[in-house]
Amino acid sequence: MRTHTALPITAGVNALERLHELVPEGRVLLVTTPGSTRRGVTARVLTQLGTDRVTVYDRVAPNPELDAIDEAIQELNSRESACVIAIGGGSALDTGKVLGVTLPGKSLHPLHSVLRQGLVREWERRLLVIAVPTTAGTGAEVTPFATVWDGAHHTKHSVAGEKVRPTHALLDPSLTLTLPYTETLYSGLDAISHALESLWNRNRSPASTAFACESLALAVDALPEVLEQPDNLEQRARMQEAGLLAGLAIGETRTAIAHSMSYPLTSYYKVPHGLACSFTLVAIAALLRESEPSFMSPFERLVAKAVRLLETFDLWERVMEFTDYDGLEALVPQMTASDRCANFPLTVDSSTVVEILGRAGLR
């Protein structure tokens with residue numbers, strides 16, 4: 001993999017075996033999921049670093065909850081660490097990133113204070129964070145923000161700032177071999193959604209556009225190959241690169257309308273994020289092509305190729321397994337509540353969202 005950013009990247013098959021070369025002296029906090037422990041990934045880390053210096057927190061759940069992370073902060077506050085190793089999908093990486101900026105402050109409930117009570121805080125200190133994705137699509141290994149969900153209030157928050165960005169990314173495509181079809185698909189769709197959302201974005205720049213276009217070109221070719229040949233490490237590596245590049249793109253632009261529409265679907269109906277933020281992409285592309293054709297004309301062929309791929313996955317039908325059209329329509333006011341809508345080049349209101357949902361369901 002080429003290096004596209006000043007953030008150090010270690011990549012390659014079995015790159016996890018080089019983890020010990022990246023870890024500083026001192027105690028280490030390993031943040032991961034029960035699945036990673038069951039699959040033996042935690043044991044591989046402990047073999048390299050030694051059990052005496054590693055604290056294992058392997059209770060990260062999908063869509064990490066604010067209260068659960070605050071509880072983890074209380075539990076881990078007394079254990080000094082020099083470094084966080086976050087291994088897993090976007091939820092594990094985001095949790096590790098949040099712990100990296102909250103643990104140094106020694107506050108007992110920092111997320112409750114900052115995100116619920118509105119305490120303004122610039123994250124002043126951080127631990128080193130090594131991010132090791134086991135999926136290919138979230139880009140969380142390079143983004144300067146982390147998603148935190150507040151299920152009690154059906155709210156999605158971001159812990160953001162340059163100190164939230166990991167200090168090193170380690171990409172090992174062999175770690176993605178255990179992903180079943182659905183998780184491979186949804187993480188790949190996440191990468192495609194990030195690339196497209198960065199292109200149809202008021203904040204796009206030459207750099208973000210280059211990242212997004214390269215990511216999209218990789219993903220639309222590699223994702224079908226990975227789905228057909230799950231053991232193809234070369235294509236797995238290409239998908240990891242696509243996810244990382246898309247992460248670099250949204251790190252500059254943030255996301256736009258598709259993500260704004262996705263958040264309440266995940267909060268209320270538990271629609272997986274990669275599906276929730278991708279089932280509207282074809283409809284949004286058509287709307288933008290009709291309403292503001294000049295905005296997307298430089299990328300028309302690439303976007304058209306992505307649209308053709310997206311149309312093969314029956315994404316509307318997959319969403320309907322979680323809810324129905326009435327359920328979607330009930331959430332329309334919340335779908336426009338995110339500031340992500342302002343990043344989209346068209347003015348967005350409830351009628352825009354209803355039109356997108358109609359187009360998406362009538363394909």
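The values are calculated or read from the model by the stated rules, or taken from the named source; none is laboratory data. Note that the structure is predicted; figures quoted are calculated from it, not measured. Using ideal geometry, Cβ is built from the backbone for each residue, glycine included, and neighbour counts are taken over all protein chains shown. Surface accessibility is based on the protein's heavy atoms, side chains included, excluding ligands, DNA and RNA. Shrake-Rupley method; radii C 1.70, N 1.55, O 1.52, S 1.80 Å.
Couple of notes before you dig in:
- Here the Karplus curve 6.51 cos²θ - 1.76 cosθ + 1.60, taken at θ = phi - 60°, turns the phi angles of the range 160-165 into couplings of 10, x, 4, 6, 6, 5 Hz, with x standing for Gly and Pro.
- For the range 1-100, GluC sites (Glu not before Pro) are listed when DSSP marks them as loop and at most 14 other Cβ atoms sit within 10 Å of their Cβ; the list is Glu25, Glu80.
- Look at the Cα gyration tensor of the range 120-210: its axes a ≥ b ≥ c give a/c under 1.5, and that counts as rounded.
- Here the translational diffusion coefficient of the range 59-119 follows from Stokes-Einstein with Rh set to the Kirkwood radius across Cα pairs; for 10 °C and 1.306 mPa s it amounts to 135 µm²/s.
- As a length-normalised measure over Cα pairs under 8 Å and 6 or more apart, the relative contact order of the range 94-149 settles at 47 percent.
- Relative contact order of the chain: 15 percent, from C-alpha pairs under 8 Å at least 6 residues apart in sequence.
- Computed 3J(HN,Hα) for the range 13-27, one whole-Hz value per residue from the Karplus formula 6.51 cos²θ - 1.76 cosθ + 1.60 where θ = phi - 60°, is 4, 6, 4, 4, 5, 9, 4, 4, 6, 9, 8, x, 5, x, 6, glycine and proline marked x.
- A cut-off of 5 Å between modelled amide H atoms, ignoring neighbours fewer than 5 places along the same chain, links Thr10 with Ala169, Leu170, Leu171.
- When you filter the GluC sites (Glu not before Pro) in the range 286-321 for DSSP loop state and at most 16 other Cβ atoms inside 10 Å of their Cβ, you are left with Glu311, Glu321.
- Rolling a 1.4 Å probe over the protein chains gives Asp326 an accessible area of about 110 Å².
- Remark: the range 92-98, residue by residue, has Karplus-estimated 3J(HN,Hα) of 5, 5, 5, 4, x, 5, 5 Hz, where x stands for each Gly or Pro and the curve is 6.51 cos²θ - 1.76 cosθ + 1.60 at θ = phi - 60°.
- Counting only residues at least eight positions apart within a chain, or on another chain, the lysines with an alpha carbon under 17 Å from that of Lys106 are Lys97, Lys163.
- Overall form of the range 168-227 per C-alpha gyration tensor (a/c, 1.5; a/b vs b/c): prolate
- Rounded to the nearest 10 Å², the accessible area of Arg202 at probe 1.4 Å: 130 Å²
- Distance from the alpha carbon centroid of the range 308-363 to that of the range 61-121 works out to 31 angstrom.
- Solvent-accessible area of Phe322, all protein chains in place: 80 Å² (probe radius 1.4 Å, heavy atoms, ligands and nucleic acids excluded).
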